[in-house]
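This report refers to the structure that appears directly beneath it.
The values are calculated or read from the model by the stated rules, or taken from the named source; none is laboratory data. Keep in mind it's a predicted model, so treat the numbers as computed, not measured. Positions of Cβ are backbone-derived with ideal geometry, glycine not excepted, and every protein chain shown enters the neighbour counts.
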Amino acid sequence: MSFYEIPITVLRPVGGDEKKYVISSSELVPGDIIEIPEDVQMPCDAILLNGSCIMNEAMLTGESIPVIKSSLPYNDNLYNPKEDKQYTLFAGTKCIQTRYYKGNAVLGLVTLTGFTTVKGELIRTMLFPKPSDFKFYADAFKFMVILAIMAVCGFLIDLPSFLNAAKDDPDMMELIVIKACEIVTVTVPPALPTCMQIGISVALTRYDEEIKTNPHSYLDC
């Protein structure tokens, strides 16, 4: 899935004129203009410059319904890869059919290659998953350890009195076990999991608000 290479036609300027070359897709760089191949997977992310394409994006979205991609309009708006997906051909998706007038080739502008593409990011996520350890979880476990230590200390403080009572009553050992469980139950509050979930929800909400107000903070992290 990660290593994919096909021969592809690229247009590169030579002496003021653009000439076609058939090169390996591994040699593509952002800025190359390529002919969109049919019945093969796209080797890179590209902007559709002319015509239209019918793409199978089941690899990305899981939908088996083909998606029609139109060419990027000529205007003063800046291209945004997240908002202008209808003009973007993603790596790993299969071009079923290309359409353009007068039989000319359908061209695309290479924007991303390799592991920087959407497909590459998915593969990186599988190969190198991000750790899901939150600082809140670590602090919560430390808090639970402190509560457990307090419970053990409280039980040890009361243990001599329990043992003295057990000398006169042999059935006192069962009561000692029950009292020990009661100390642990009282020390560790039953609402702790609910409080942890509320804390996580509040933290995620504040994180989303921070990303919206300061998008560069995520990149700094």
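Where strands (runs of 3 or more DSSP E) fall wholly inside the stretch 1-92, the ranges with 2 or more residues that are within 29 Å of the chain's Cα centre (by Cα) and more than 15 Å from Thr111 (Cα to Cα) are 52-56, 67-70. All conditions but one from (1) modelled with pLDDT under 85; (2) of a type in the set (Gly, Ala, Ser); (3) over 16 Å from Thr116 (Cα atoms) apply to Ser2; the one that does not is (3). Does the stretch 75-91 contain at least one residue that is modelled with pLDDT of 85 or more and of a type in the set (Gly, Ala, Ser)? Looking through the stretch 75-91, at least one residue is modelled with pLDDT of 85 or more and of a type in the set (Gly, Ala, Ser). Among the residues of the stretch 122-138, those that are surrounded by 12 or more Cβ atoms within 10 Å (Cβ to Cβ) and in a helix (DSSP H, G or I) comprise Leu122, Ile123, Arg124, Phe136, Tyr137. Inside the stretch 1-56, residues that are aromatic (Phe, Trp, Tyr) and in contact (Cβ under 8 Å) with a residue 24 or more places away in the chain make up a count of 1. Being in the same structural domain as Thr93 (by TED's automatic domain parsing), farther than 23 Å from Gly31 by Cβ and not charged (D, E, K, R) holds for only one residue in Leu107, Leu122, Leu112, and it is Leu122.
The single condition among (1) modelled with pLDDT under 85; (2) closer than 20 Å to Val118 by Cα that Val14 does not satisfy is (2). Each residue in the stretch 91-129 was checked for being small (Gly, Ala, Ser), within 17 Å of Ile36 (Cα to Cα) and touching a strand residue (DSSP E or B) at 6+ places or on another chain (Cβ under 9 Å), and 4 of them qualify. Here Tyr100 fulfils each of the conditions (1) farther than 16 Å from Leu112 by Cα; (2) crowded, with 17+ Cβ neighbours inside 10 Å; (3) aromatic (Phe, Trp, Tyr) apart from (2). Could we say that Phe115 is surrounded by fewer than 12 Cβ atoms within 10 Å (Cβ to Cβ), outside any loop (DSSP other than H, G, I, E, B) and within 32 Å of the chain's Cα centre (by Cα) here? For Phe115, the condition - surrounded by fewer than 12 Cβ atoms within 10 Å (Cβ to Cβ), outside any loop (DSSP other than H, G, I, E, B) and within 32 Å of the chain's Cα centre (by Cα) - is not met.
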